[in-house]
1. Within segment 44-59, which residues are open to solvent by less than 60 Å² (accessible area, probe 1.4 Å), under 19 Å from F117 (Cα atoms) and not small (G, A, S)?
2. Are any residues in segment 122-137 of a type outside the set (S, T, N, Q) and assigned to a strand (DSSP E or B), and if so, which ones?
3. Would you check if F117 is at pLDDT below 95, in a strand (DSSP E or B) and either touching a Phe, Trp or Tyr at 6+ places or on another chain (Cβ under 7 Å) or open to solvent by 70 Å² or more (accessible area, probe 1.4 Å) (or both)?
4. Would you check which residues across segment 50-72 are touching a Gly at 6+ places or on another chain (Cβ under 9 Å) and not β-branched (V, I, T) and list them?
5. Just give me the residues in segment 131-141 being surrounded by 11 or more Cβ atoms within 10 Å (Cβ to Cβ) and either of a type outside the set (S, T, N, Q) or more than 14 Å from W98 (Cα to Cα) (or both), in sequence order.
6. I'd like the full set of residues that are part of a loop (DSSP other than H, G, I, E, B) and in contact with a His (Cβ under 9 Å, 6 or more places away or on another chain), limited to segment 138-168.
7. Only one residue in E89, E160 is of a type in the set (D, E) and either open to solvent by 80 Å² or more (accessible area, probe 1.4 Å) or touching an Asp or Glu at 6+ places or on another chain (Cβ under 7 Å) (or both). Which one?
8. Out of curiosity, is Q126 more than 27 Å from D168 (Cβ to Cβ) and loosely packed, with under 15 Cβ neighbours inside 10 Å?
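The values are calculated or read from the model by the stated rules, or taken from the named source; none is laboratory data. A quick note: this is a predicted structure, and the numbers were derived from the prediction, not measured. Cβ: placed from backbone, ideal geometry, glycine included. Neighbour counts: every protein chain shown. The accessibility values were calculated without ligands, DNA or RNA, using every heavy atom of the protein model including side chains. Shrake-Rupley method; radii C 1.70, N 1.55, O 1.52, S 1.80 Å.
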Amino acid sequence: MKNFAVLVVLVLLVSCQQPTKEVVPEIIGYDISEGVKSPLFAGDLSTIEVWEKYIKAHNEKDLQTIQSLNAEKEFKVKGPKGEVFKSSEEHINFLKNWFESDANPKWTTNFLIANAFTTKEGVVKQWVTSGHNLSLLVEGDTLKLHQVHDALIVNGKVQEFSVNERVDSE
């Protein structure tokens, strides 16, 4: 009898549970770069950690860490003035010269957004969109810029990124 009562209670508990709802990812925006309006979803937050390490390494002028975070193959950077670096080596050479100059670039992060985009072929790409203030010395004066970076992170490495910037208009 005692076992029967326990069985009845268990059946009641199981039958009273709410059905689970299917979790549908929330659209956070759209990408139109392939000519079609495609949804963007919240991305993997681990990509933000990669990008934060990358920016920190730039502030510390740590070329070894930057190179270790760059993808080994098909690495690409699009700079704000039309520069294109098609390899990690090209990028590191540019940074080496810049860091050795009197410019002393320093980035301060304002925002970081992880987003996921699925291509027409069904490949999910994890991007980080970030905003930064950049200060650097030009002929002894401090120049302040606002930058927006879009970085593709693949397997914990920076595969490609682009930089857009404008002069601070204070």
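1. To start, the set of residues in segment 44-59 that are open to solvent by less than 60 Å² (accessible area, probe 1.4 Å) comprises 46-48, 50-51, 54-55, 57-59.
If we keep only those that are under 19 Å from F117 (Cα atoms) too, we end up with 46-48, 50-51.
The answer is T47, I48, V50, W51.
2. Restricting attention to segment 122-137, the residues satisfying the condition of being of a type outside the set (S, T, N, Q) are 122-125, 127-128, 131-132, 134, 136-137.
Across segment 122-137, the qualifying residues are V124, K125, W127, V128, G131, H132, L134, L136, L137.
3. Values: at pLDDT below 95: yes; in a strand (DSSP E or B): yes; either touching a Phe, Trp or Tyr at 6+ places or on another chain (Cβ under 7 Å) or open to solvent by 70 Å² or more (accessible area, probe 1.4 Å) (or both): yes.
Criteria met by F117.
4. Filtering segment 50-72 for residues touching a Gly at 6+ places or on another chain (Cβ under 9 Å) gives 50, 69.
Answer for segment 50-72, where residues must be touching a Gly at 6+ places or on another chain (Cβ under 9 Å) and not β-branched (V, I, T): just L69.
5. Of all residues in segment 131-141, those surrounded by 11 or more Cβ atoms within 10 Å (Cβ to Cβ) come to 131-137.
Scanning segment 131-141 gives G131, H132, N133, L134, L136, L137.
6. First pass over segment 138-168, keeping only residues part of a loop (DSSP other than H, G, I, E, B): 139-140, 155-156, 168.
Across segment 138-168, the qualifying residue is only D168.
7. Values: E160 fails: either open to solvent by 80 Å² or more (accessible area, probe 1.4 Å) or touching an Asp or Glu at 6+ places or on another chain (Cβ under 7 Å) (or both).
Result of the check over E89, E160: E89.
8. Details: more than 27 Å from D168 (Cβ to Cβ): yes; loosely packed, with under 15 Cβ neighbours inside 10 Å: no.
So Q126 does not fit the description; no.
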